[in-house]
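As C-alpha cells, the structure follows; a few thoughts come after it.
The values are calculated or read from the model by the stated rules, or taken from the named source; none is laboratory data. These numbers come from a predicted model, not from an experiment. All Cβ positions, even for glycine, are placed from backbone atoms using ideal geometry, and neighbour counts span all protein chains on display. Please note that ligands, DNA and RNA were not included when accessible areas were found on the heavy atoms of the full protein model with its side chains. Shrake-Rupley method; radii C 1.70, N 1.55, O 1.52, S 1.80 Å.
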Amino acid sequence: MRVHHLNCGTMRPIGGKLVDGRPGLFRRAELICHCLLLETDTGLVLIETGVGTPTVTRPAEWLGAGFVRLVHPDSDDDLSATTQIRKLGFDPADVRDIVLTHLDLDHAGGLVDFPEARVHVHARELQALEKPIDRKEASRYRKVQFDHGPIWKSYRADGEPWFGFDAVRELEGVPDVLIIPLAGHTRGHAGIAVDTGDGWLLNAGDAVFHGGELERKPHIPFALGFFESYMQTEKTARLDNQRRLRELVSNNGDEVTVFAAHDATAFERLSQRSRL
C-alpha cells in the first residue's frame, strides 16, 4: 500500500499561537484538513475529503457564513482533493471508497466531488446527521453537502479489540483499514487506522485538536482548547478517548502513528516522511 498525505483545506483564524501553538501572536493561525489517499490492491481509498470544491466559488453557502468569518478558509482549488488526486496522476472517479471520521463540514465537504464512491462512517454519526437530538447537533451538519445523496455504508459499535480500543471493525471491501469508535467530539466520531505494511497510521480526526494532547503531559493552545470544549457532544467520552490515545502513543508509539486532523505540524512531518 502507498499512502499520500493531502491537505484538503487550510483555515486561518485569528489568534496565532493561541490557536496553533506556533510562535507569533499577532498573525493568523494555520489549521489544515489532513486527508489520506491510499493506493491499495483494490483501488483508491480517500480518508476524509476536506472542504470540497464548492468552497472555491461559494464558500458562505457551502460552509456557512459564520464559519467563513471565524476561520477564513482558503478558497484555493489547488487544495481540493480532486485537484491533488489528478496531480498524482489519477482520475478522481477511480476513488471508489471514502472513509470519514465524522460528518462535520470540514471533513465531509468534499463528498460531492466523489458522487459514485461508497462512504464509510460510524452508524451513530449517520444517525446524528439524519435524526439530530437537538438544534446544536443539527447545526453542525451542512445539509447542502449531502443533497447529492451519498452512498452510505455504516458500521455499528461492535467488533474486535485493537491496542486497547474496543468494537473495532475492518471496513467492508477495504482491506487493512479499520474504523475505531472515538465518540466525544460528535456522538459517532471515529478514528481511522491504516495498516501501511510498515506500521499503523491512525487518523484521530477531531478526537484531539492538537498534537500536544497526545503527550504524557497533555497541553493545547488556549483558544483551540476552548473551541474543542465548545464543540464537544459527549465530554466524558471525549476525555476518556483522549486518555486511551495517549496510552496508545506511550505504549505502542513504535507501532502506531497517531495524528490530529487539523495539526499542520504533524501534517508537515508525516508528508515529508512519506516522500523519503
For region 183-260, what are the per-bin percents of Cα-Cα distances with bins 10 Å wide, up to the bin holding the maximum?
20, 53, 24, 3
Which percent of the accessible area of region 80-123 is formed by carbon and sulfur heavy atoms (probe 1.4 angstrom)?
49
Can you give the Rg and Dmax of region 70-138 based on its C-alpha atoms, in angstrom?
14.3, 44
Could you compute the net charge surrounding GLU268? Neighbours are other residues with a C-beta less than 15 Å from the C-beta of GLU268; K and R count +1, D and E count -1.
+1
Region 58-123 versus region 125-197: alpha-carbon centroid distance in Å:
16
Sequence gap at least 6, Cα distance under 8 Å: using those rules, report the relative contact order of the chain to the nearest whole percent.
18
When N is the residue count of region 72-201, what does its C-alpha Rg come to as a fraction of 2.2 N^0.38 Å?
1.10
For the chain, what does the helix formula give at 222 nm: sum of -39500 (n - 2.57) over DSSP H segments with n ≥ 4, over the residue count, nearest 500 deg cm²/dmol?
-8000 deg cm²/dmol
Given the options ALA138, ALA266, ALA207, state which has the largest fluctuation in a GNM of the chain using a 10 Å cut-off (strictly under) for Cα springs.
ALA138
Can you pull out the GluC sites (Glu not before Pro) in region 110-167 whose DSSP state is coil and whose Cβ has at most 12 other Cβ atoms within 10 Å?
GLU116
Using 10 Å bins from zero, what percent of all Cα-Cα pairs in the chain falls into each bin?
7, 32, 40, 20, 1
Over region 5-54, relative contact order from alpha-carbon pairs under 8 Å, at least 6 apart, %:
36
Using θ = phi - 60° and Karplus 6.51 cos²θ - 1.76 cosθ + 1.60, couplings along region 95-104 (whole Hz; Gly, Pro as x)
7, 9, 9, 10, 10, 10, 6, 6, 10, 4
For THR40, which sequence-distant residues (separation of 5 or more, or a different chain) have an amide H within less than 5 Å of its own amide H, given hydrogens modelled in the peptide plane?
VAL45
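For the chain, report the accessible area per residue in Å² (1.4 Å probe, heavy atoms, rounded to an integer).
Values: 12540 Å² over 276 residues.
Dividing the accessible area of the chain by its residue count gives 45 Å².
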Just to confirm a number: summing +1 for Lys and Arg and -1 for Asp and Glu over residues other than GLU170 whose beta-carbon lies under 12 angstrom from that of GLU170, what do you get?
-3
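Taking region 127-223 on its own, what percent of its Cα-Cα pair distances exceed 21 Å? List each step's numbers first, then the result.
Numbers: 2184 of 4656 pairs.
The calculated P(r) of region 127-223 puts 47 percent of pairs beyond 21 Å.
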Which residues make up the longest stretch of the chain clear of trypsin sites (Lys or Arg not before Pro) that lie in a DSSP loop with no more than 16 other Cβ atoms within 10 Å, not counting the sites?
28-155
